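Okay, so here's the structure we're looking at.
The values are calculated or read from the model by the stated rules, or taken from the named source; none is laboratory data. As the structure is a computational prediction, the values presented were derived from the model and not from experiment. Here Cβ is always computed from backbone atoms with ideal geometry, including for glycine, and neighbour counts include all displayed protein chains. SASA here: full protein model, heavy atoms, side chains in, ligands and nucleic acids out. Shrake-Rupley method; radii C 1.70, N 1.55, O 1.52, S 1.80 Å.
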Amino acid sequence: MNLEPDGKFGPVLAGPILRHSAPDSIVLWLVTSERTALAVQVRKDKELLLDRPLAESEVSRLRIGTRAWLNLLTITPDSALPRDTPLEYDLGLTGDGSAPPRWIRSWATHLCPESRDRPGFTLKSKLDRILHGSCRRPHHPSRDGLVRVDEELQKAQKLEDVPSLLLMTGDQVYADDVAGPMLHAIQCVIHQLGLYQEVLEGASLSHSKELTSVANAYYHRDELLPESEFNEDLTERFFGGVRKPVFTTANAGNHLISFAEVMAMYLLVWSPEPWHLVTSAEPVEDPDELARYRKEQAAIDEFRRTLPRAARAMANVPVYMIFDDHDVTDDWNLSALWETTAYEHPFSRRIIGNALLGYLLCQGWGNQPGNFGDLIEQCQKLFDSSDGQHELDKAIQDELIDQLFHFQHWHYSLPTSPRLVVLDTRTHRWRSEIRRSHPSGLMDWESLTDFQHEIMGEGEDAVVVVSPAPMFGVKLIEMIQRVFTFFGKPLLVDAENWMAHRGAASVLLNIFGHPRTPRHFVILSGDVHYSFAYDVRLRHKQNGPHVWQITSSGIKNEFPNTLLEWLDRLNRWLFAPWSPLNWFTKRRRMWISPRLPEGREAGERLWNGAGIGDVRLDEEGAPTAIRQLDAGGGGTIFQRRAKDD
């Protein structure tokens, strides 16, 4: 991994990634190394449906470094694009306009499907096949589920086999858990692209440039907070550097801090191109840390090897995203006490704000660009103030972060068939009235009311809902979380589930029981690092909605296998239909029937394997097949069984 000669790099650093797509709009995200004019082509077979330069109104550019421009292209075709037929698109770099355009085949060959000269997509009239997943952790030793997405796209010949879209349902990046070699790569990219740095406040360092030179730059970043009684508490609560008895260890030693680090991370996890800027190095000396670094390097090398295929997947199917905690930090907004502790200190406030700004620019903006006009104007103001001095204006940055924290429209919906509703379960929390340290509800009463109106509007018969955390989870794990919450330690077990807050749970169940709730209600979730599927019905209501809880996690992450097997067995034994514990914990208004994954021992309900979820829907919006496609090939289908809850 050596620098190219003279540190040169190509005109496009990342992308294009295909985002919101409809007959009247195509949204593409990409990062270029210079300001450039662009042309677009769209083809159906050999027929050119669109062939022209992009208008300035169709291009939003933000200069995030001396050699880095973030571009969001909102292309309005001259006439509506056809549905249910393969289309191809191309982007041409036109420079000053005197030379012919350079098309994708010349600067991003890896994005072109086999035997084709350009990427493509299909605008489906129905959501009949949805790929979905969460939790893509680059240094996990598993394979990358986005590569399996690429495989599915390559072999899809019939219309019904073409995915309608790819839903990334949280933890697309791990800003709070970065491998040593990835952090080194991040610093190389920042230096080579001149990504804008910033002044820091409330820490033992005063500027983001110092992050490469301080003694604890690698594996010890949790020690960078100022030492005081208040900040010792902040260290424990914000960075969460404690061992968790059920889930994994929160590893904050390489937590991303600056905006430049966040942006470099996105470039490196979504594109093979920035890796040409990364030098081979081992910037640690301690023997234990060096051994860890080399182990992580092997995983990062494998991640990088398959990255072109992951990038190709994201260029050839419409991709929609929503955040979960690791896109910002572990346990983000878990409780009112967490919020108070984290947001009242300028250093942790800046860290959270920088991660949320990265989410806005790299994920949220592309879902529905029209929702973010005011925020993007403030971003433009921030980056314009940096041009020439290569440093973000502190006052403008703080003002923008404050706007991000008060932004109310991260959630969104699509007028698809069935309707797709994507929930924000992070920034509209229902804070506990019992104790500030208790977990907040995942959505407050007002947001749940808005959600109810959204799904009941216009006589919807079916709806697909994205809830990053499962609405109906594994009882044993939820009970363990409840016990730790009772003893005041919800942070130890990520006590975040819909049933953890009585008010939010009650409103949610009321929504399912409402007579106008859609008949078919598909819930897609991630978060938990294992996969499962439930059939859910209302008790004593024969004509109630049919609900499916479908969870796929992770794209590149897995639960500790032995621990999951024991939790799975204990859950079956302790909460069997004849168990007194099941009776006392019964969700009395619902019955839940877990589906059984093929290929597991008799009775096991959970599937552990990195990959991608695959849901097929019929004309009425009901699932006909629920699969988990493993990243390394194979997978499982979740089979229906009789009710047992």
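First check a/c for region 365-448, with a ≥ b ≥ c the square roots of the eigenvalues of its C-alpha gyration tensor; if it is under 1.5, answer rounded, and if not, answer prolate when a/b is larger than b/c or oblate otherwise.
Details: a/c = 3.92, a/b = 1.42, b/c = 2.76.
Here region 365-448 falls in the oblate category.
Extension gain, His390-Thr76: 0.36 nm per intervening residue step, less the Cα-Cα distance, totals 109.7 nm.
Between Arg305 and Ser280, how high is the FRET efficiency from 1/(1 + (r/R0)^6) when r is the Cβ-Cβ distance and R₀ = 22 Å? Nearest 0.05.
Details: r = 15 Å, r/R0 = 0.70.
E between Arg305 and Ser280, to the nearest 0.05, is 0.90.
Ordering 504-514, 350-360 by mean Cβ neighbour count within 10 Å, with the highest value first, yields 350-360, 504-514. Relative to the current alpha-carbon distance between Arg435 and Gln154, full extension at 0.36 nm per residue lengthens the span by 96.0 nm. One Cα centroid belongs to region 24-52, the other to region 331-408; the line between them spans 29 Å.
Figure legend: label point modelled 7 angstrom from the Cα of Asp461 along Cα→Cβ; residues of region 389-419 with amide N under 15 Å from it are 417-419.
Dipole magnitude for region 106-202: computed about the Cα centre from +1 point charges on Lys and Arg Cβ and -1 point charges on Asp and Glu Cβ, it is near 440 debye.
When the accessible area of region 365-445 is split by element with a 1.4 Å probe, what percent falls to carbon and sulfur? Write down the numbers at each step before the final one.
Working: 1720 of 3550 Å².
Here it works out to 49 percent.
Sorting 261-269, 422-430 by their mean Cβ neighbour count within 10 Å, with the most densely packed peptide first, gives 261-269, 422-430. Here the contact order of region 91-207, divided by its residue count and restricted to Cα pairs under 8 Å and six or more residues apart, works out to 21 percent. Remark: spin-label model distance Glu565-His514 equals 4.5 nm, labels positioned 7 Å along the Cα→Cβ axis. Projected onto its three principal axes, the C-alpha set of region 307-422 covers 43, 41, 30 Å, listed from the longest axis down. Structure shown: which of Lys126/Lys556; Lys46/Lys124; Lys44/Lys124; Lys158/Lys556 lie over 24 Å apart, alpha-carbon to alpha-carbon? Long pairs (Cα-Cα over 24 Å): Lys126/Lys556; Lys158/Lys556. Taking all C-alpha pairs of region 71-138, those more than 13 Å from each other amount to 77 percent.
Once R0 is set to 30 Å, what does the formula 1/(1 + (r/R0)^6) return for the Cβ-Cβ distance between His191 and Lys295, expressed as a FRET efficiency to the nearest 0.05?
On the way: r = 25 Å, r/R0 = 0.84.
After rounding, the FRET efficiency stands at 0.75.
Between the alpha-carbon centres of region 93-138 and region 189-204 there is a gap of 31 Å.
For Arg136, the accessible surface of its heavy atoms amounts to roughly 0 Å² (probe 1.4 Å, protein chains only, rounded to the nearest 10). Of the listed residues Ser125, Ser142, Ser204, the order by accessible area with a 1.4 Å probe, largest first, is Ser204, Ser125, Ser142.
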